[in-house]
1. Hey, could you pull the Cα Rg and Dmax for the chain, both in Å?
2. At a Förster distance of 22 Å, what's the computed FRET efficiency of SER261 paired with PHE54, Cβ-Cβ distance as r, to 0.05?
3. Hey, fewest Cβ within 10 Å first, where do VAL47, VAL95 land in order?
4. Given the range 10-127, what whole percent of its Cα pairs are spread farther than 20 Å?
5. Beta carbons within 10 angstrom, averaged per residue: use that to sort the peptides 158-167, 111-120, 62-71, highest first.
6. What shape does the range 85-181 have by the C-alpha gyration tensor, where a ≥ b ≥ c are the square roots of the eigenvalues, rounded means a/c under 1.5, and otherwise prolate means a/b greater than b/c and oblate the rest?
7. Give me the extension gain from PHE246 to THR35: residue separation times 0.36 nm, minus the current Cα-Cα distance, reported in nm with one decimal.
8. Please build a GNM for the chain, connecting alpha carbons under 10 Å apart, and tell me which residue among ASN233, ASN198, ASN104 fluctuates the most.
Amino acid sequence: MHKYPKPTHLVRTPDERVNWPQSIPFLLLHFLPITLIFTGISTTAVVLFLVTYFGRMFFVTAGYHRYFSHKSYKLARVPQFIMAFGAETSAQKGVLWWAAHHRNHHQFSDTERDVHSPRKGFWWSHVGWILADKFKAYDADRIRDFGKYPELVFIDKRDWIAPWTLGITCYLIGGWSGLVLGFFASTVLLWHTTFLVNSLAHVYGRRRYETDDTSRNSLLVALLTGGEGWHNNHHHYQASARQGFFWWEIDTTYYILKLLSLVGIVKDLRQPPDRVKYSGRIGDEVLESH
Ligand SMILES: [Zn+2]
Ligand SMILES: [Zn+2]
């Protein structure tokens, strides 16, 4: 295995194609922030934007990813539901859909069966796969552990409820400006920073661990996504709730989870053991062992 495996191109199967007509609403949403020219930008809308961006980023990374996909800590049933609902306010589809596809990504990273490898094209890994008919459904067997909760199945099937709830709330708090900036602009930005973990974090950055995929560590992606940029660490040891393995690897999602564990909401927060942190390394970085 080379330090940076040559990203040979993988050919997408004929059914791995974007459904352009059905993607029009998604594409049009990207232009909605232009209407801020008419609504103006109020202070309330700016505050809403910051709260809904960083707040939802936490729910996406701590919820969809570290909890529902990887079970890297434990939650009681009510906080589990709140985490799922909060994650779904990001308009990234149902919690079971998200986690089932993500588990596929780890099982088949950067092979033909990976749903979103950048070896099938950067834009495919970033957003194309989400707009393809092929991945509208998910393999329920992959997510049986959470599929047994009827409340999660309910909001997974009705994945519009959470984003609509947030959108209406933003309108009630901040009017049109609050809706456009605090909900729509924030949602578009949140989509693309989340998607960077699937695209850029497999293309750009450094590799510390000799994983069987193209995952990278990137401070830039980590800062934009609340700690998800330490993606090579994460592929090396998925079970950890902490993705920044060392103190200088900023991982704000983990810091919040740590605080929640101190008040007893989060339990069994999993850490990377030393044997994991110091093994399987490519040796491109000089690190002190303790
Ligand atoms: Zn993962
Ligand atoms: Zn990955």
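All of the numbers you see were taken from the coordinates with simple rules; none came from a lab. Worth saying up front: this structure is predicted, and the values here are computed from it rather than measured. Every residue, glycine as well, gets a Cβ built from its backbone with ideal geometry; the counts of neighbours run over all protein chains shown.
1. Final numbers for Rg and Dmax: 19.0, 57 Å.
2. Efficiency, rounded to the nearest 0.05: 0.65.
3. Listed from fewest to most nearby Cβ atoms, that is VAL47, VAL95.
4. Of all Cα-Cα distances in the range 10-127, 58 percent exceed 20 Å.
5. 62-71, 111-120, 158-167
6. Since a/c reaches 1.5 but b/c is at least a/b, the shape of the range 85-181 is classed as oblate.
7. Taking PHE246 through THR35 to full extension adds about 71.7 nm, to one decimal.
8. It is ASN104.
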